[in-house]
1. Say R0 is 25 Å: what FRET efficiency, to the nearest 0.05, do N271 and L16 get from their beta-carbon distance?
2. Sum up the charges of everything whose Cβ sits under 9 Å from the Cβ of A181, counting Lys and Arg as +1 and Asp and Glu as -1, but leave A181 out.
3. Answer rounded, prolate or oblate for the range 227-332, using the Cα gyration tensor with square roots of eigenvalues a ≥ b ≥ c: rounded when a/c is under 1.5, else prolate when a/b is larger than b/c, else oblate.
4. Among the lysines, select those whose C-alpha is under 30 Å from the C-alpha of K198, and discard any that sit fewer than 8 residues away in the same chain.
5. Given points 7 Å out from each Cα along the Cα-Cβ axis, report the V502 to W24 separation in nanometres with one decimal.
6. On a full-extension model of 0.36 nm per residue, what is the gain between M182 and Q163, subtracting their alpha-carbon distance, rounded to one decimal in nm?
7. State whether the chain is rounded, prolate or oblate according to the following rule on the C-alpha gyration tensor (a ≥ b ≥ c being the square roots of its eigenvalues): a/c under 1.5 gives rounded; otherwise a/b larger than b/c gives prolate, and the remaining case gives oblate.
8. Going by the alpha-carbon gyration tensor, a ≥ b ≥ c the square roots of its eigenvalues, is the range 9-93 rounded (a/c under 1.5) or, if a/c is not under 1.5, prolate (a/b greater than b/c) versus oblate?
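Where a number appears in this text, it was derived from the coordinates with a stated rule and is not lab data. Nothing here was measured: the structure is a model prediction, and the numbers come from that model. Cβ: placed from backbone, ideal geometry, glycine included. Neighbour counts: every protein chain shown.
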Amino acid sequence: MNGLTLVGIAVVVLVLAYLLYGRWLVKTWGIDPSAKTPAYRFEDGQDYVPASRFTVFSHQFNSITGAGPVTGPIIAAMFGWLPAFLWLLVGGVFFGAVQDFTALYASVKNEGKSMGLIIERYIGKTGRKLFLMFCWLFTLLVIAAFADILAGTFNGFTKDGGQNVPGASAASISMIYIFAAMVFGVFMRFMRTGEMTKFVVGVVLVAAMLWAGIANPMYHDGPFWRYVVFVYCFIASVLPMWLLKHPRDYLSVFLLLGMIFGGAIGIIVANPEIQMPMFSGWTVKNQPLFPILFITIACGAVSGFHSLVSSGTSSKSISNERDMLTVGYGAMLVETLLGVVSLVIACSASQGGGLPSGTPFQIFGTAIGGFFTMFGLPANVSSCVIMMCVSALAMTTIDAVTRIGRMSWQELFAPSEGEEAGLLVKLVTNTYVATIITLLLAYALCLAGYASIWPLFGAANQLLSALVLTALAVFLRVTGRKGWMLYVPMTFMFVVTMSALVISVYNIVLKLSAGAFVFMVDGLQLIIALALMTLAVLVVSHCWKELFTAKVRKV
């Protein structure tokens, strides 16, 4: 199979999905372009901040992309390129994009409330508490995994003690990015310039930061950067959205879209042949295709985390309801395209029917770097740019999820409408206290290492998607809107993820019986896995009860 053909098919399918299915959802549920969105109704300069369509799209796309659409498809290629390719397209169009758009839609229609508070309104207080506890535990896994990824990426030294120039340069660029984003945030907020001016200034800033970072690498080890990442997470969680998150995401989108564009152009120019088999079998390396394929490819197809971004941050910045389709549905389809490009690149670089040696990012980065050198970019500069793109993927996720984790903790203990908060509740729901508690526990998990956390993170992420889809189906039914398009995705994802978690628990128990059990690694994972499964069953049972018994009320 030709790689260019696969990418071409994907582009056609995704464009048609946006124009046909996405617009049909908008028409079916209804939007009001003249309505005053929550961003204007509750503008506070902190979380509720109106922004342009492209700015919110940049935030949504950067926050949801992360490492998933690169790592997942490449790992899943072990089952053959066809299963991975089909799940990316089917999952992206009918599962992921629908979930992201519906979560954004429901939040905008409900004063910009997060999924937890939406669940309280349509399902009840108990459902809200259970869901928020699940979300908070999940955010700990995400922060821990991505902090370890970033610390490893920024490590300025190789295992033998030599200098890791791409990593040190990526670290330097990332640090410059933080301060430059804040300056750009002030510029966007107070200068009131047009979109074209912001675009030009943004491109110039990105180019300048890349040049400055490559010229001045920062050489520090992994533990040092782990501390720096957690400090950055704290800052990103408490600062106003307009000052850091919005401008940083706006600038980062140029890198990420450039990486996708570079990969796509490289595929067009090189026109590579897929070297991996179309189908490798139902069980590969002792891993069954079901359910492993569907939790391995998460962000490129469907990811529960996306719904937290849609309802937690993006909904509070939407300036017009017409922007929801582009932000919610469109951003997910672009991420799916990145997943397809990653799959094609990896499968084209395979040797003897197997993937090249190295991590998924190394495989992807080496191939993209090779494409960039085809366009005349020096190899050393290409390596630094790709490493920066990789770190940008992780940083734009970890800062968003820290903020969402902080908000989940606050909402978990916050009093319901009409109730008054006591002194203790005010203390634990304080923005700074909630952020510190979240980051301290995430740091403890981070010490176990990315490799130990990722399998549980993947299963929990997809299980969260099942819970969100079920809750959104309740919202659609209660408000008198059609919701049947969510029934198959929510049922399928629940069965898939519960099956995967059962397998994970079984494997941990086998370690315990074999005497290879390590509490700080396996023990914590076992506790969290059992807690997530229990919370998931309780949330779904509450949702299903409301799905079939709740009375319809218009919103």
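1. Numbers: r = 24 Å, r/R0 = 0.95.
Efficiency for this residue pair is about 0.55.
2. With Lys, Arg at +1 and Asp, Glu at -1, the neighbours total +1.
3. prolate
4. Output for K198: K36, K109, K113, K245, K316.
5. 3.3 nm
6. Additional length available on full extension: 3.8 nm.
7. Rounded, because the longest to shortest axis ratio a/c is under 1.5.
8. Taking the square roots of the gyration eigenvalues as a ≥ b ≥ c, the range 9-93 is oblate.
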